Ligand code: S3P
């Protein structure tokens, strides 16, 4: 049983971190925070614009600062961006501040889910399959390194995945007593 103040979802683009996270939060009576949406809210700029103006390095810096601030909170389900785990300090913070759920998805379903996406900067490439496979190869060990639980979300509906997670969490995760976080 891990005692941690938040639930944190990590995994590749299209694995369902936001949709499943929102549903799980509602089911457990926790607040839901999507890191990308929160970054856009706080900066007043879209993710594509941040990439355009500051490059991926600038985005990563903002992402790291945002996650550090979110990790100071409690009783939240936090959906992170697919590349959040690249930074070693962030990985440590996520593992300390939360019970980390790694959502996995196979490449064909990932491509299918992202087929209509025209905004994610890293998908603005001729060969999406190749790009996603390369990102997956680099990041899968990093997700695994901090994961307390893994779920293959590919063949599940959002509701079924949230139900399954809630069930699995029952004897794996505990929130610290109020005031003790
Ligand atoms: C990224 C994933 C995106 C977003 C940004 C970079 C990545 O989030 O943070 O476009 O590096 O994989 P999602 O995983 O929610 O799509």
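Is the C-alpha gyration tensor of segment 23-87 telling us rounded, prolate or oblate? Criteria: a/c under 1.5 is rounded; beyond that, a/b larger than b/c is prolate, otherwise oblate.
prolate
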The chain, Gaussian network, Cα under 10 Å: of 21, 159, 82, the residue fluctuating most is 159
Ranked from fewest to most other Cβ atoms within 10 Å of their own Cβ, 38, 167, 52, 63 fall in the order 167, 52, 38, 63
Pseudo-spin-label distance residue 152 to residue 49, built 7 Å along Cα→Cβ, given in nm, is 4.1 nm
Subtract the Cα-Cα distance of residue 64 and residue 27 from 0.36 nm times their separation in residues, and report this length gain in nm to one decimal. 10.5 nm
Using only the alpha-carbon atoms, how far is helix 47-70 inclined from the longest principal axis of the chain? Give it as 0 to 90 degrees, nearest 10. 10 degrees
By how many degrees, between 0 and 90 and to the nearest 10, does the Cα long axis of helix 17-28 differ from the longest principal axis of the chain? 20 degrees
0 to 90° range, to nearest 10: angle between helix 158-169 axis and the chain longest Cα axis: 40 degrees
Return the Rg/Rh ratio of segment 2-173 with Cα-based radii and a Kirkwood Rh. 0.94
Added length on full extension, which subtracts the Cα-Cα distance from 0.36 nm per residue, residue 111 to residue 130: 5.8 nm
By its C-alpha gyration tensor, with a ≥ b ≥ c as the square roots of the eigenvalues, how is segment 92-181 shaped: rounded for a/c under 1.5, else prolate for a/b larger than b/c, else oblate? prolate
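Readers should treat all values here as calculations from the given coordinates under stated rules, not as data from a laboratory. Just so it is clear, the structure is predicted and the values come from calculations on it, not from any experiment. Here Cβ is always computed from backbone atoms with ideal geometry, including for glycine, and neighbour counts include all displayed protein chains.
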